[in-house]
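The values are calculated or read from the model by the stated rules, or taken from the named source; none is laboratory data. Predicted model only: the values in this text are computed from it and were never measured. Here the Cβ positions follow ideal geometry from the backbone for every residue, glycine too, while neighbour counts run over all protein chains shown.
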């Protein structure tokens, strides 16, 4: 396997540990993340003044010459597929795509092909410099198969590390548009009686719970208040529909990003998403609240009405602030048009 050699000198006042010192001083062009450097030390691929060092806690002095032998990135075992993509932004480090509903992000036993990763491997080709030593896109977050909208994917190890850190720190801006049953309004006394729900100024619903995999149905997430993982969702009403209002377009934003978070939180609050086969259920709307065409549009909507509309983050390499917006897909816009149409 082909290798490349990277050499550099430890600058003044180095951290006490080797792993931290090389992480600070490794040339940016090497595109090696802290995780990858730690693995290279453990594998014996790093020399300090000509001596192989495998202890990440070893001390290193100013002026020490570091030599790293890096194997070139291997090709991924996942095959590239020529699948059309809607590219919102792309440079040498990352790519932002507007994923259509129906596309799985990453291959899995039930979806071995036709995924976003297959499409990206074809689209990016040799532009992938390698994530973790493998030529593959760096998936730092996902959206469900039947959810549409924006995703950022790393093309290099350094970008993967930087993006992952931002998601872990919850500094990434993520806004979703959703169509739900009912209207999550502060004037609804029922909502104020649900554990984990509260309201903030501006009629913003805040849902705070723990989330974990359901004990008996492994495809579902369940709301808990002990154990599990902390999850916070905020919800703002954009447009109510019906007379009386029986549905609403809402904007949801995430403080945390857990599996199915918006879907399970909205269901917990009694405002499941239209079309959601797992959490939303089929609800019978008041016969006179909406015209029959709107009722039919709700009944026949084929997926959860959820769209990742806004994605904002700091570019992990250049530091530039980036923010992207994706308009509602045609199916959700048609649903809203039907809900907003006056009775005839």
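Any residue in segment 317-335 that is surrounded by 13 or more Cβ atoms within 10 Å (Cβ to Cβ), at pLDDT below 95, not assigned by TED's automatic domain parsing to the domain that holds residue 182 and not in a strand (DSSP E or B)?
yes
Take residue 122 and tell me if it is at negative phi, modelled with pLDDT under 90 and in a loop (DSSP other than H, G, I, E, B).
Against the criterion (at negative phi, modelled with pLDDT under 90 and in a loop (DSSP other than H, G, I, E, B)), residue 122 does not qualify.
Which pairs turn up if I take residues in segment 150-175 that are outside the structural domain of residue 140 (by TED's automatic domain parsing) and surrounded by fewer than 18 Cβ atoms within 10 Å (Cβ to Cβ) and look for partners that are assigned to a strand (DSSP E or B) and modelled with pLDDT under 90 with beta carbon separation below 6 Å, at least 6 apart in sequence or on another chain?
Filtered contacts from segment 150-175: no entries.
Applying the selection to segment 93-123, what residues are more than 26 Å from residue 328 (Cβ to Cβ) and surrounded by fewer than 20 Cβ atoms within 10 Å (Cβ to Cβ)?
Scanning segment 93-123 gives 107, 108, 109, 110, 112, 113, 122.
Restricting attention to segment 48-64, does a residue exist that is out of contact with any helix residue (DSSP H, G or I) (no Cβ under 9 Å at 6 or more places or on another chain) and surrounded by 14 or more Cβ atoms within 10 Å (Cβ to Cβ)?
No.
Of all residues being in a strand (DSSP E or B) and at pLDDT 85 or above in segment 1-34, which is farthest from the chain's Cα centre (by Cα)? Just the residue, please.
Ranking the qualifying residues of segment 1-34, first place goes to 9.
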